[in-house]
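Take a look at the structure set out below.
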Amino acid sequence: MTNNMKHEIKVYMTIVAGVILAFSYPAFAGSRTGSALHRRFFVASSSDFVGDSTTDNAKALQAAIDSANNAGGGVVELKDGKFLSGPITMKSNVTLRIDSSATLYAISSDTAFAGLDPFAFIGCDHDTNVTITGGGAIDGNGQPWWAAYEATGVSRPRLIEFWNTNHIVIDSVTLENSPMFNVSLENSWYDTLEYDTILAPSNSPNTDGIDPATCHVVYIAHCLINNGDDDIAVKSGRSDPTDPNAGCSQLWIKDCTFLHGHGVSIGSETSGGVDSMYVDSCSFSGTDNGIRIKSYRGNGGNVRHCVYSNLTMQNVANPIWISGYYPKIASESDPAQPVTATTPDFHDISIIHVVSTGSPTAGVMVGLPELPMKNMLLENDTISASTGLTIRNAAVDTVNTLSTATYGPGYILQVNGTFSRLTSVQQAPTLPSKYVLEQNYPNPFNPTTMISYSIPAMSHVTLRVYDILGRLVSTLVNGEQAPGEHVVRFDGTGLASGVYFYRLESNGFTQTKKLLLLK
């Protein structure tokens, strides 16, 4: 297939994805209130509860929820107070309305949560048409749980965990200080989360914002998430009998703001497959990652048809982090292994109109040697970072995309990493005016580092590495090279820690610099 044909196909896919993104949100999205789904047969108000921050309202709240459910639907409302409660269970056709003048606090006693399934402050299982709304707050009282987890590894409840549900609405509430995940949705359909604020300290362990797991048709919009782990984590750790190739599908994430946290993630559980996720018009500031797709052999699956568009990132540690290795990327020498049903298979992923500044690295797109990533598209993106985007075992097409690095090239190509420029009009490169040998980066390094240099004319070039006694360690370049900027990788595997020197020689020019290997 020619590059032009590939470009036409990708443009078509992008147009189709854009149409879906613009016009195919679930019909219920943007309703701003789920209570319209629930006939008000039953209403329980704050006069039925005690908002003194010390009285446990769990029994009263549960009785009200059960009564509303038994009546065929209703509203349980909290106003004007701080309402302490043990864990409660939501039921079908019930709205929990927490007014802006109210906060629902979770009790911190671990005995109150003993034996719960779902293991959550607010749980739900096999129910439909459930809403949490009202403009108020739900506080998980997580500090004692975080301390206990750090000390003993104790299991912690989620703030909200719904299983086997559909038509869930969480609208206009603040969720804060969750003991663990804030919102966990397992095997759920047709869910809307919008205008929510999710808060936890940046060092709070595993306080994910929103985790759709084996879910379909989920709409997340206008949320602010600032927490201690994944802002959003899409998980697919088991097959869905209704769609064996996509445990998660049709997810929309739009107009959200992410501060601390690990960004918008897919994985690490992807064995059930993920199909059709659209992330549009979101901003990231100070997150550990922006776009992240993560998995590993034995836990991977088919992840495809994901479109990330119109994103802004500032001071994000890794704007793009897509890899079949997790949590640590193996060396380039990692051998290929047999492909199985749980081999990470990432393909047909588009990153369009992304602007990222102030990052230490542009990130990685690193697939597995046995199943490289394919049909990866970067279009109309501008990424500036200290070091470039590492591409390995991945085929990446770029259209009008600029990746610039303070140190070294904008794209760092490793084993079986390719990128093609499909831009119809390319700007002519500016040739260097003189010979330049740059400082290697990183330095110190272990075990690899990149060495950049520029030559102004066609000439014979040698680039060699010597030890501190002047003995030749490695010849990296020895031959004719065209004018321009060049980058080579030096691998110190097998060498002892210490100071080494690298020397560039070409057409009478000689320059030597020092590098430091620390193991």
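The values are calculated or read from the model by the stated rules, or taken from the named source; none is laboratory data. Quick caveat: nothing in here was measured; it's all calculated off a predicted structure. Neighbour counts run over all protein chains shown; Cβ positions are idealised from the backbone, glycine included.
Some points to look at:
- Restricted to region 111-142, and to residues there that are farther than 16 Å from THR192 by Cα and polar (S, T, N, Q), the residue that is modelled with the highest pLDDT is ASN141.
- Spans of strands (runs of 3 or more DSSP E) in region 119-199 with at least 2 residues under 22 Å from ALA58 (Cβ atoms) and charged (D, E, K, R): 158-163
- Checking region 215-231 against the condition returns no match, with no residue being modelled with pLDDT of 95 or more and under 17 Å from PRO344 (Cβ atoms).
- Answer residue from region 174-193, given it is β-branched (Val, Ile, Thr) and crowded, with 24+ Cβ neighbours inside 10 Å and is farthest from SER204 (Cα to Cα) among those: THR192
- Only one entry of ALA233, ALA221 meets the criterion of being surrounded by fewer than 24 Cβ atoms within 10 Å (Cβ to Cβ), small (Gly, Ala, Ser), in contact with a Phe, Trp or Tyr (Cβ under 9 Å, 6 or more places away or on another chain) and under 19 Å from ILE291 (Cβ atoms), and that entry is ALA221.
- Some residue of region 472-480 being exposed (fewer than 12 other Cβ atoms within 10 Å of the Cβ), hydrophobic (A, V, I, L, M, F, W, C) and at pLDDT below 90: no
- Scanning region 361-390 for residues that are over 17 Å from the mean Cα position of the chain (by Cα), surrounded by fewer than 23 Cβ atoms within 10 Å (Cβ to Cβ) and either within 22 Å of GLY324 (Cβ to Cβ) or free of Cβ contacts under 8 Å to residues at least 60 places away in the same chain (or both) returns PRO369, GLU370, LEU371, PRO372, LYS374, ASN375, ASN380, THR382, SER384, SER386, THR387, THR390.
- Positions within region 60-98 being hydrophobic (A, V, I, L, M, F, W, C) and within 33 Å of the chain's Cα centre (by Cα), in sequence order: ILE88, MET90, VAL94, LEU96, ILE98
- Strands (runs of 3 or more DSSP E) contained in region 292-395 and holding at least 3 residues of a type in the set (Val, Ile, Thr) and over 22 Å from GLU269 (Cα atoms): 345-366, 382-392
- Residue satisfying all of: in region 423-471; in a loop (DSSP other than H, G, I, E, B) and among the hydroxyl-bearing types (Ser, Thr, Tyr); modelled with the highest pLDDT among these: TYR435
- Qualifying residues in region 200-216 (those that are in a loop (DSSP other than H, G, I, E, B) and of a type in the set (Val, Ile, Thr)) - the one surrounded by the most Cβ atoms within 10 Å (Cβ to Cβ): THR207
- Check on ALA213, under 16 Å from the mean Cα position of the chain (by Cα) and touching a residue at least 40 places away in the same chain (Cβ under 8 Å): yes
- The single residue among LEU495, LEU516, LEU504 that is surrounded by fewer than 17 Cβ atoms within 10 Å (Cβ to Cβ), assigned to a strand (DSSP E or B) and at pLDDT 90 or above turns out to be LEU516.
The rows are residues; the columns are (1) of a type in the set (Gly, Ala, Ser); (2) at pLDDT 95 or above; (3) touching a helix residue (DSSP H, G or I) at 6+ places or on another chain (Cβ under 7 Å).
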| site | (1), (2), (3) |
| --- | --- |
| HIS7 | no, no, no |
| TYR12 | no, no, no |
| VAL19 | no, no, no |
| ALA29 | yes, no, no |
| LYS59 | no, yes, no |
| GLY73 | yes, no, no |
| LEU78 | no, yes, yes |
| LYS82 | no, yes, no |
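- Candidate set from region 391-422 (those that are charged (D, E, K, R) and buried (at least 17 other Cβ atoms within 10 Å of the Cβ)); member that is modelled with the lowest pLDDT: ASP397
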